[in-house]
Structure formats: structure tokens, C-alpha cells
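Heads up: the structure comes next, in C-alpha cells.
The values are calculated or read from the model by the stated rules, or taken from the named source; none is laboratory data. Small disclaimer: the values here were computed from a predicted structure and weren't measured. Here the Cβ is made from the backbone with ideal geometry for all residues, glycine too, and neighbour counts use every protein chain on show. Keep in mind that these areas ignore ligands, DNA and RNA; they rest on the heavy atoms of the full protein, side chains included. Shrake-Rupley method; radii C 1.70, N 1.55, O 1.52, S 1.80 Å.
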Amino acid sequence: MSDTRHTRLLIIGSGPAGCTAGIYAARAMLEPILVQGGEPGGQLTITTEVENWPGDTEIQGPDLMARMEAHTRATGCRVMGDIIASLDLSKRPFTARGDSGTTYTCDAVVLATGARARWLGLPSEEMFKGFGVSACATCDGFFYRGQEIVVIGGGNTAVEEALFLTNFASGITLIHRRNELRAEKVLQQRLLNHEKIKPMWFHEVDEIIGSDMPPGVEAVRVKHTKTGKITEIPCKGVFVAIGHTPASDLVIDQVETHRGGYVVTRPGTTQTSVPGVFAAGDITDHIYRQAVTSAGMGCMAALDAERFLAEDACAL
Ligand code: FAD
Ligand code: NAP
């Protein structure tokens, strides 16, 4: 059955940015509604240890996000298990339609839809997704016990995925297109000292090779970025960890974006190009992309929205 709910502030996303916006907005008596989306808790729910969240020397990502959700609910923020399928920012109140059939109307909105995994774009990668090709070691690592695995990328995610996969794999080859990692130094050190991990510098994946019956990966073909020399690496699992793309599809034609879809905000604020629409976290941040910075921006977005709504009420 379809229903319509009005709120002064709609928050779209339940990662660190959305939850923090929910906590601040509820405490500002804005009676916000937060829509969780298809990944309740966001990206941290697909990782293991988080070691840089202040106050916790080490905490499991899913536990941290369960605590954030509980905190958000405890403040009185209404948390909806729904996915926003479309958002109309052309007139106020703004209108969002949920997959559940619920329509949400609101006076202001916080976009906190974060980011999603980037893929290589090879047809063979598409063919073997779910049959040996994955972008989530915590979800799928268990299936590769005692097998050879390839991890692609050179950032924090790739290094963490490779280290996590040592719990299962007989050996891991980390393929990186340069000879320098972007990952934090402490993670680099762990990776380079690990006996099960072999880095392969200056290589890019050319093709993922496998069988159709039953579907499964057997090797990756890689090319040296300088010499062009081709090498085949036998493996059963391929973990693509080459970064994330902002999840801004809902608003891509409605607010100003840059650098491949990151929502532009006015410097020092979370205000987007549309008055009353605020953006926080990985959807707007191409530089830091951390849980703590996302949470910080979630706080800013709620405070910016509160000010906007107060000024708006005065103008009426
Ligand atoms: P996200 O966490 O991406 O959450 C986005 C939310 O939006 C989700 O809840 C999703 O369901 C929702 N959503 C999306 N589309 C819709 C829609 N249409 N309708 C409704 N909701 C929607 N950072 C650290 O600081 N420390 C770490 O140790 C760390 N480890 C990481 C490990 C991995 C494997 C990854 C991938 C990232 C890691 N990060 C880490 C980065 C960190 O997870 C992100 O910076 C942070 O989660 C971004 O928060 P966010 O709230 O902006 O978005
Ligand atoms: P990232 O930092 O953007 O790194 C992406 C890596 O993939 C880079 O090494 C890049 O190579 C490589 N790459 C990109 N496109 C490629 C392609 N088409 N083919 C081959 N290689 C490609 O992404 P990330 O590692 O997912 O991290 C995203 C954000 O989340 C970062 O801000 C990171 O700090 C954060 N994060 C933090 C933690 C933590 O704090 N422990 C853990 C995970 C993620 P180049 O280096 O050559 O560009």
C-alpha cells in the first residue's frame, strides 16, 4: 500500500554521514527521517577491523555501524528500511519515492549515499562476477580456502583486502599498475612483510580467464605497463579493489557535480547548488573518504539544514 510521509529533514543514507546527520538533526528537534538504502550501515559493514575510529583502538566495521544505528534511533530519528528510487529537487517540498511504495516529502534533504565499488570494465570481469570475481573480501573470502587469489589495486582497500584474505588463501598476488602504494604506511609494511603476499608492480589486468561449465575463474592475464609483456597467473579468486565512485545517480542532473559525479558543496559548508539540499560524506568528498570525516560532514549537514530551515521559517 502506498503512503506519503512529510518530514522537515529527509536523510538519505545510513553510513557514518547519514547516521551522524540523523543524531544531530533529531537533537535539534527537526524530527528527521533517515532512509537506510540497500546497504544499511554503509561501506564499513563490508570490512573487518577499523583501527582509526577515535575512541576504539580496534572495532569491527559492522559492530561500529550497529552502534551508530542504535545511537541514531535512540535520539528519536525515524530510520526507514527503504531505498530511494527517485528524488525530485525541482520544487519544494522535495519529493522522494521509495522502493517500498512510500513517498517522502521534505523541506530539506541531506544526501549521504556514499560511494560504491569501482570495476575494471572488462567483459570477462562481468562474466565471472559472483563466480570468482568479487569486490568484497569479507563477503566472499571464505569461498577461497586453500586457493590462489589475485587482488587488484594499490590503495587502503586493496591492501586490507589482501591482508584479510591471507586467512583463507594459500597465496595472494597483489597486482598494481605502479610500484608505489597509496595505502597508509602501517598497512604497506604489514603487506610487504607478509609471507603469503607477493606484489606484482607495473601490471594491469588484461583479461580474466575461466570456464563456463561450471562457471569459475582459472587465471588472470596481466600486462606489464612498460614492456607490454603478458603473464598468466593461475588463481581461483579475483578481488577488484580499485576504489569507489560516488553514489550520486539520484541527483546527477539536479545538483552541480564534478570529478566523475562528486556533489559540489560550497566551501566550508555542505550546501549544494540547490538551496535546502545538503551533501555529506563520500558522495561529496574525493579527497579524504574516511569514516570520521564522513561523520564530521554529517554533523555539518544537520547544522546547515537546521539553520536553513530556521531562516526559511522566518521568511514565511
Ligand atoms: P557509505 O558508508 O558509503 O554509506 C552510504 C549509505 O547510503 C548506505 O547506507 C547506502 O545504503 C545508502 N544509500 C545509497 N543509495 C541509496 C538510496 N538510493 N536510497 C537510500 N539510501 C541509499 N574508513 C575509515 O575511516 N577507516 C577504515 O578502516 C575504513 N575501512 C574501509 C574498508 C573498506 C573495505 C571500504 C570500502 C571503505 C573503508 N573506509 C574506511 C572508508 C569508509 O567506509 C567511508 O569513508 C565511509 O563509510 C563513508 O561514509 P558515508 O556515510 O559517506 O557513506
Ligand atoms: P583509492 O585510495 O582511490 O585507491 C584505488 C587504487 O586502485 C589506487 O592504487 C589506483 O591506482 C588503483 N586503480 C584505480 N583505478 C584502476 C584501474 N582502472 N586499474 C588498475 N588500478 C586502478 O581507493 P580505496 O583503496 O578503495 O580507498 C578509498 C577511500 O577509502 C580512501 O580515502 C581510503 O583512505 C579509504 N579507506 C580507508 C581505510 C582505512 O583507513 N584503513 C581502508 C579502506 C579505505 P593508482 O595508485 O595508480 O592511482
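If one computes P(r) from the Cα atoms of the chain, what percent of pairs lie at distances over 36 Å? Considering the chain, 26 percent of its Cα-Cα pairs are separated by more than 36 Å.
Counting only DSSP beta bridges with both residues in the chain, tell me the antiparallel percent, nearest 5. Mind dumping the intermediate values first?
Numbers: 30 of 63 bridges.
Looking only at bridges with both residues in the chain, the antiparallel portion is about 50 percent.
Sorting 109-115, 179-185, 53-59 by their mean Cβ neighbour count within 10 Å, with the most densely packed peptide first, gives 109-115, 179-185, 53-59. Cross-link reach is defined here as a Cα-Cα straight distance under 15 Å, omitting same-chain residues fewer than 8 places apart; for K129 the aspartates and glutamates meeting it are D140, E207, D212, E218. For K198, nonlocal amide neighbours, meaning residues 5 or more places apart or on other chains whose placed amide H falls under 5 Å from its own, are I172, T173, L174. The packing ranking, built from the mean of other Cβ atoms within 10 Å per residue, places the peptides 270-280, 145-155 in the order 270-280, 145-155, highest first. For region 119-240, the convex hull spanned by the alpha carbon atoms encloses 93 Å³ per residue. On the protein heavy atoms, probe 1.4 angstrom, tell me the percent of accessible surface of the chain carried by carbon and sulfur. The C+S portion of the solvent-accessible surface of the chain is 52 percent. For K226, a cut-off of 12 angstrom between C-alpha atoms picks up these aspartates and glutamates, skipping any fewer than 8 places away in its own chain: E204.
Packing order of peptides 301-312, 248-259, highest average first: 301-312, 248-259 (average count of other Cβ atoms within 10 Å over each peptide's residues). For region 119-240, relative contact order (Cα pairs under 8 Å, six or more residues apart, normalised by length) works out to 30 percent. Taking all Cα-Cα distances within region 2-73, those exceeding 20 Å account for 33%.
Heavy-atom accessible area, probed at 1.4 angstrom with all protein chains present, ranks Y24, Y144 as Y24, Y144, highest first. Converting phi to 3J(HN,Hα) with the Karplus coefficients 6.51, -1.76 and 1.60 and the offset θ = phi - 60°, region 50-66 yields 10, 10, 10, 8, x, x, 10, 4, 8, 8, 6, x, x, 5, 4, 6, 5 Hz in sequence order, with x at every glycine or proline.
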